[in-house]
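The values are calculated or read from the model by the stated rules, or taken from the named source; none is laboratory data. Since we're looking at a predicted model, the values are computed, not measured. In this analysis, Cβ positions are derived from the backbone assuming ideal geometry, glycine residues included, and neighbour counts consider all displayed protein chains. Side chains included, ligands, DNA and RNA excluded: accessible areas come from the protein's heavy atoms. Shrake-Rupley method; radii C 1.70, N 1.55, O 1.52, S 1.80 Å.
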Amino acid sequence: MFEIVSNLGRWAQLTANLILFGSCFFLAITWQKKSVLEISSSWLARLEKGFIWLAGLVVIGLVVVLASTTGKATGDVSNALDPAAWLQFIQQTQVGFIALIRVILAVILFTVIFGLLRKTRTRWHYAICALIASLPLIAGTFVSHSSADEMSFVSIAPFALHILLAGMWFGALPAFMLIILSSNREFDKVTRILNAAFLEKFSTMALPVMLLLIVTGLIVTDRMIENDYHTLVSSPYGWLLNLKLFILALILAIAYQARNVWLPLFSEVDINDQIKQGIAHLRKWIRFELILALVLMFVATILANTLPAKHTVIEHWPFPFRFAFDTASEESLDEVFFWSGTALFIIALCLAWIGMHLRWNWKKKFLLPGALAISATAIALPPITIEAYPETYMKPLIPLDAISISHGSHLFAEHCANCHGPQGKGNGELAQSLPYTPTDLLTEPHTVRHTVGNFYHWIAHGIPGNGMPGFANTLTDEDIWDVVNFLHALSRGFDARLLGSMIIPETPAIAAPVFYYATNDGSSGDLKDFRYNKNIILVLFSWPQSHQRLIQLKHAYEQIAQDHNTEILAIPMHKLDQQALQDVTDIVPFPVITEGSSEIFDTYQLYRRVRTVPDLNGPGMTPVHMEFMIDRFGYLRARWNAQFEGFGWQNINAVTQQLELLNQEDEIMSPPDDHAH
């Protein structure tokens with residue numbers, strides 16, 4: 001009951017607010033001299049009679065929103081009826097404060113509407129009312145999903161514009177309907193032609209408004225979904241969005257018919273039975289369009305209070321297949337089929353539009369484009385359709401960090417290397433005895449083309465028919481996710497061979513694996529602690545082989561730290577005994593990681609390869625000394641493998657030049673996610 005009342009309150013205030021805004025906007029746009037408007041004063045008078053009730057409904061609805069939000073936020077539904085709890089909620093939370101602002105703006109709107117109806121109206125009166133009515137709508141966007149991730153103009157503006165555009169269209173529908181219904185039964189020519197002028201203005205305005213509404217809706221939806229398009233058919237948010245789009249499609253179909261077939265009849269001078277029938281159709285369908293619009297607003301209200309699709313956890317994918325667009329490029333023939341089907345589908349859409357425009361009979365209008373669309377789908381979809389499993393869109397339980405990757409590497413060596421090879425190249429000792437060659441998990445973009453859920457399924461349950469067993473009875477869920485994380489780091493590590501000692505400006509691409517650590521001076525932390533603050537140079541060293549390099553870094557440390565906003569972290573590649581640790585700490589002024597170093601080394605050695613030395617044979621080589629440059633947003637930007645990349649960063653100026661370039665960059669991409677995808 002609480003949720004029902006809450007949603008009804010949100011829907012009622014939103015609907016009333018949109019109608020006030022849209023009606024006043026419509027009147028400000030279409031206003032003529034009062035003496036001319038009075039010819040059809042019945043629709044205007046009926047419309048304005050509802051203004052005060054709508055303004056009151058906005059106030060009441062927003063009070064209900066404040067009360068219900070208080071009950072939800074405090075976890076006690078009874079607080080929804082306690083004004084003292086409201087006050088505390090307003091004082092202590094930003095959401096509560098914005099809710100109060102919206103109530104105040106609604107009261108101002110009520111006052112302005114009350115004053116408007118007592119004056120002789122002109123165009124600017126309605127313009128002022130439209131402006132005041134827009135303020136509660138705009139304020140509402142500050143507590144929307146769009147503002148939850150980032151309170152900024154860029155994130156809020158598209159949603160605010162989307163709401164206002166919805167008001168321009170939906171809010172003007174009651175005026176549109178009243179104009180049509182007020183046309184007298186005698187079909188008075190003057191009244192009918194004047195009404196036609198108003199309707200034509202609305203129709204002209206509605207077309208660009210609807211196009212912009214769709215564009216802003218796509219922008220907002222993309223932010224709520226991001227890259228998780230599968231949630232459109234597997235989450236409450238996705239299904240509500242589909243329902244909203246279906247209703248919108250019906251409304252657009254009615255609007256198209258009204259604009260191109262029925263509205264022109266109003267401006268006809270001579271009345272005949274066909275015109276009367278067309279006007280009767282318009283009256284009937286405009287009522288239906290308004291009902292659909294009200295339902296659309298209700299669905300949109302529920303959608304606005306539903307967990308965004310990008311945050312939904314899909315624990316069970318309901319379909320045995322999924323679409324993966326990158327698979328169309330695996331084979332040239334598949335790519336031809338995909339793009340041929342896409343082109344044919346576009347032709348079908350164009351043919352449908354031509355049919356409606358030229359008013360073909362229903363067989364030509366629907367059957368021919370429909371047959372082409374079905375054929376296009378049959379051609380385009382198979383190349384991008386791949387097998388899926390219930391776990392396909394599961395999100396990892398374990399973050400993609402050095403602890404998980406290191407543990408996964410040991411599990412891989414124990415359970416998988418005999419078939420897949422010690423480096424995952426598919427060339428293990430048992431590979432030749434298997435019915436199918438094991439997948440190359442290193443050099444092929446296998447992890448990019450499949451979800452982490454797919455890897456979880458294959459590791460847990462095996463792959464029937466190709467000899468891969470399942471490990472669900474051997475490994476725990478956490479173990480399986482650790483192996484998945486290792487496989488992703490393995491593949492991304494091979495991609496890192498493209499890194500060098502010089503950064504590629506403005507091109508972050510490879511996420512730096514995060515890690516926790518403790519140092520020789522007793523401090524501890526997380527690599528993410530440096531984000532947005534400092535660049536990092538990770539120095540993976542061997543002792544005593546790296547002795548001279550550590551001395552060189554000692555002398556450059558102050559310059560690097562102070563002048564270039566960069567911290568240096570030293571990580572021993574092998575465990576140091578007490579004396580060796582003392583010798584190192586006597587040399588370097590920067591932190592030496594003592595706890596977590598083995599996991600960090602296991603992880604970052606996967607990123608050791610260089611273009612000239614792919615290092616694919618056997619267990620792989622272990623470099624003597626490596627250094628990684630990580631920007632302040634969490635991305636690997638450069639690497640120096642002292643064994644294979646020559647002089648490199650032995651010239652400190654080469655290091656500082658790269659740091660200068662990094663410090664000149666603004667944020668290009670958001671910091672990497674904590675989980676593999």
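Here's a check for you: in region 648-677, which residue that is among the hydrophobic types (A, V, I, L, M, F, W, C) and out of contact with any Ser or Thr (no Cβ under 9 Å at 6 or more places or on another chain) is modelled with the lowest pLDDT?
MET669
Select, from SER546, SER542, SER501, SER524, the only residue that is touching a residue at least 12 places away in the same chain (Cβ under 8 Å) and touching a helix residue (DSSP H, G or I) at 6+ places or on another chain (Cβ under 6 Å).
SER501
Please give the number of the condition GLY96 fails out of (1) open to solvent by 60 Å² or more (accessible area, probe 1.4 Å); (2) at pLDDT below 90.
(1)
Kindly list the number of the only condition in (1) part of a helix (DSSP H, G or I); (2) within 34 Å of the chain's Cα centre (by Cα) that fails for LYS363.
Answer for LYS363: the failing condition is (2).
Could you look through region 376-431, keep only residues that are of a type in the set (Asp, Glu) and more than 20 Å from ALA512 (Cα to Cα), and pick out the one that is modelled with the highest pLDDT?
GLU414
Being in a helix (DSSP H, G or I) and buried (at least 16 other Cβ atoms within 10 Å of the Cβ) is the filter here; which residues of region 220-238 pass it?
Answer for region 220-238, where residues must be in a helix (DSSP H, G or I) and buried (at least 16 other Cβ atoms within 10 Å of the Cβ): VAL220, THR221, ARG223, MET224, ILE225, HIS230, THR231, LEU232, TYR237, GLY238.
For region 600-629, name all the residues that are among the charged types (D, E, K, R) and open to solvent by 60 Å² or more (accessible area, probe 1.4 Å).
ARG611, the sole residue that qualifies.
Of all the helices (runs of 4 or more DSSP H) wholly in region 86-151, which have at least 1 residues that are more than 31 Å from the chain's Cα centre (by Cα)?
94-116, 123-140
Regarding region 535-548, can at least one residue be identified that is of a type in the set (A, V, I, L, M, F, W, C), open to solvent by less than 70 Å² (accessible area, probe 1.4 Å), part of a helix (DSSP H, G or I) and within 27 Å of GLN664 (Cα to Cα)?
No.
Name the residue that is nearest to SER598 (Cα to Cα), counting only residues in region 388-420 that are part of a helix (DSSP H, G or I) and polar (S, T, N, Q).
Ranking the candidates gives SER406 first.
Quickly run through region 511-534 and pick out the residues that are among the small types (Gly, Ala, Ser), in a loop (DSSP other than H, G, I, E, B) and surrounded by fewer than 19 Cβ atoms within 10 Å (Cβ to Cβ).
Those that are among the small types (Gly, Ala, Ser), in a loop (DSSP other than H, G, I, E, B) and surrounded by fewer than 19 Cβ atoms within 10 Å (Cβ to Cβ): GLY522, SER523.
Could you count how many residues in region 499-510 are part of a loop (DSSP other than H, G, I, E, B) and either acidic (Asp, Glu) or under 28 Å from the mean Cα position of the chain (by Cα) (or both)?
The number of residues fulfilling the criteria is 6.
Any residue in region 302-329 that is at positive phi sitting within a Cβ distance under 9 Å of a residue that is surrounded by 16 or more Cβ atoms within 10 Å (Cβ to Cβ) and modelled with pLDDT under 80? List the pairs, counting only those 6 or more apart or interchain.
none
Within region 639-648, can one find any residue that is of a type outside the set (Phe, Trp, Tyr) and under 15 Å from ARG492 (Cα atoms)?
Yes, region 639-648 contains at least one residue that is of a type outside the set (Phe, Trp, Tyr) and under 15 Å from ARG492 (Cα atoms).
Rundown of residues vs (1) assigned to a helix (DSSP H, G or I); (2) more than 29 Å from MET205 (Cα to Cα); (3) at pLDDT 85 or above, yes/no style:
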site	(1), (2), (3)
GLU3	yes, yes, no
SER6	yes, yes, no
ASN17	yes, no, yes
CYS24	yes, no, yes
LEU27	yes, no, yes
VAL36	yes, no, no
SER42	yes, no, no
ILE52	yes, no, yes
THR70	yes, yes, yes
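If you go through region 628-677 one residue at a time, how many are closer than 19 Å to TYR607 by Cβ, in contact with a Phe, Trp or Tyr (Cβ under 9 Å, 6 or more places away or on another chain) and assigned to a helix (DSSP H, G or I)?
4
Which one of TRP317, TRP353 is more than 30 Å from TYR604 (Cα to Cα) and at pLDDT 90 or above?
None of the others qualify; the one that does is TRP317.
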